Amino acid sequence: MRDNNTLPQELIDAITDNLQDVRDRDALLACSLVRSSWRRSSQRLLFRRAYLALDRDDYKRLAQTLLSYPHLSNYFRELQVCWYDYRSYEDRKSRIEAHQAMDQSLFAAVLRKLGNLQTIILYRLDWSLMTVDLRQSLRWVLMLPSITFLTLDITRDESNPVDFFQPLALEDQGENDESRPALERRQLSDLNLCLGSAGNCDAYVDWFLEPRSRFDVSHIQILRVAGLREVDEQALNHLLHTIGSSLIYLGFRVPIKVDLSSPELGFDIKFTPNIRFLCLTNISIGLGDSEMHLETFGMDWLLRLLSNLGTSNKLEQIKLEALIGTKYREACSPSRWGQIDRLLAGNFRKLQTLDITLWATWADRQNAYSGISKGIRKAHPLLVKRGVSVYVGCGDYEFEGMEQF
């Protein structure tokens, strides 16, 4: 006899799909207790992400869970492997002690149970302290055919970037070695690169594009690059050229050092003609003397970059995140933002939305936000007249956390 209290599985899945926020975890746990049909749908989201820190015991709890309930391993789609405490990571002695204390073989065994991953996020890893078994398990995960999203964060100064990337490379095969199957490259659709304190961007990009690299970047639709201390347009343009027409979204965090005298400043998007969305963050404006250690190149860099994009671009939406200092009156200068207005109105013919978010460095920021946002809105009459939507929002930036990515 049919149970009239049973909802169709499609409706149950639709309900739980609306509970994917971190704050909805308790609601998902409650749903999993309703009945078996609700439990499967809830577990699919509760066990979608695995966050494994090398300096914590998360992997032990996950290992015990998968031992008791093996079917849960099929639900994982996202994996983050990292060093949780970035302060202790800077101390090599602490890293060595933590690696010696952890059960790396158990960590490796947990990784090999996650065979349906689509997203991998790796950051603050010291490959030199990993056992062979753990490195092989990470390579195994990166070989999964389902991987389409990769975040790679390099926070150390490496004299030779290949030393860092070597564990991710395709292993060399001799011409007569027929015993091992050929390893396929993985087609990425989403790539985040945070190069941290590494200054030799060109070497990292070159490795990523060389034949031994495990990843095929020619199908990437979303590219985000952050963490650079110095911008290297040649290396980044090489990456853009290789990605080609598949790229739709480009995100870039303004580096700390930029040579404004260079005539080639900016991206060359002629080989990526289908970019629709551009996001630029960490644009500093009006920093005071006590904030100069945060200085990046603001309006001058932004104007040069937008000028170099030319009139043939197809950008529909531009998002700018500006870091506003104590000299905030410079941030709403009509002449500076008026230059951007004229440039965007004249050269960006398909532009539909300009979204500006302001992040302030000082404590009493609310009193100034209102005047700044109004001044910036008034500085874009040409875009408004053309029908472009101009939004100016205000963030809540904490001064102590500015140097973190």
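The values are calculated or read from the model by the stated rules, or taken from the named source; none is laboratory data. Please read all numbers here as calculations on a predicted model, not as lab measurements. Don't worry about glycine lacking a Cβ; one is built from the backbone with ideal geometry, like all the others, and counts go over all protein chains shown. All accessible areas refer to the heavy atoms of the entire protein, side chains included, with ligands and DNA or RNA removed. Shrake-Rupley method; radii C 1.70, N 1.55, O 1.52, S 1.80 Å.
Structure summary
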quantity	calculated
Lys350 versus Gln9: modelled label distance in nm, points set 7 Å from Cα along the beta carbon direction	4.1
For Leu54, solvent-accessible area (1.4 Å; no DNA, RNA or ligand), Å²	10
Calculated FRET efficiency for the pair Leu33/Asn74, C-beta based, R₀ 30 Å, to 0.05	0.90
Net charge contributed by nearby residues that have their C-beta within less than 10 Å of Thr281 (K/R +1, D/E -1)	+2
Debye, to nearest 20: dipole size of region 25-137, +1 on Lys, Arg Cβ, -1 on Asp, Glu Cβ	600
Local electrostatic count at Asp17 - Lys and Arg +1, Asp and Glu -1, tallied over other residues with Cβ under 12 Å	-2
Probe 1.4 Å - accessible area at Ser146, Å² to nearest ten	40
Label-point gap, in nm, between Asp24 and Leu382 - each point 7 angstrom along Cα→Cβ	4.4
Pairwise label distance in nanometres, Asn308 with Asp103, each label 7 Å out on the Cα-Cβ vector	5.2
Sparsely packed trypsin sites (Lys or Arg not before Pro) within region 4-111, loop by DSSP, other Cβ within 10 Å at most 15	Arg35, Arg48
Net charge contributed by nearby residues that have their C-beta within less than 10 Å of Thr148 (K/R +1, D/E -1)	0
Extended-chain gain in nm, criterion 0.36 nm per residue less alpha-carbon gap, Arg61 and Asn274	72.2 nm
Accessible heavy-atom area order of Ser312, Ser32, highest first, probe of 1.4 Å	Ser312, Ser32
Cross-link pairs Lys60/Lys93; Lys270/Lys314; Lys350/Lys385 - those with Cα-Cα distance over 19 Å	Lys60/Lys93
